[in-house]
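Q: Right, I'll just put the structure down here and ask away after.
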Amino acid sequence: MVINYIVLPVVRIIQLSVLLFFLQLTALCQPARRDSIIRAARNDAKKFRLDDAVWKKYRRALPATSNYFNPVGQNQKNQTLLNDSLYVKTYRKAAYKHNRGRRTPLHYVIVGTGILAAAAVAGAIVLLIALGPNMN
């Protein structure tokens, strides 16, 4: 009778410890798959480019949940991931973010011209400061 009071709780503690150990191992293993799916979606979305006609029509008015940002089979390394909801959500967000910063060629011409003009003005000021004392 005394053995039951001592041995049974010890056995229960050991059983619970083993159970918790295995539950902890499975909990640690889950994020690795999730992280690898997210990483794959972001890498695949880097190759995504919205069609020029659609981009010109909507510019920045498209939401991230638009069907234009759905993954297409030709851009993915692993075609089986197209059925995974986490992959599709992450791909949409990354593709939206990638295309949100898109600019027209005219924008880059204007910015480049502005930088060139600022450099020319700075060069002229440096020349005036350097040659100013010798102009007497």
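Coordinate-derived values only; no laboratory data. Everything quoted here is computed from the prediction, not taken from an experiment. Note: ideal-geometry Cβ built from the backbone for every residue, glycine included; neighbour counts use all protein chains shown.
Q: To the nearest 20 Debye, how big is the dipole of segment 75-127 about its Cα centre, given +1 on the beta carbon of each Lys and Arg and -1 on that of each Asp and Glu?
A: Approximately 300 debye in magnitude.
Q: Taking the Cα centre of segment 32-121 as the origin, how large is its charge dipole in debye, to the nearest 20, when only Lys and Arg (+1) and Asp and Glu (-1) carry charge on their Cβ atoms?
A: Here segment 32-121 has a charge dipole of around 180 debye.
Q: How would you order 117-128, 78-89 from highest to lowest mean count of nearby Cβ atoms within 10 Å?
A: Highest mean packing first, the order is 78-89, 117-128.
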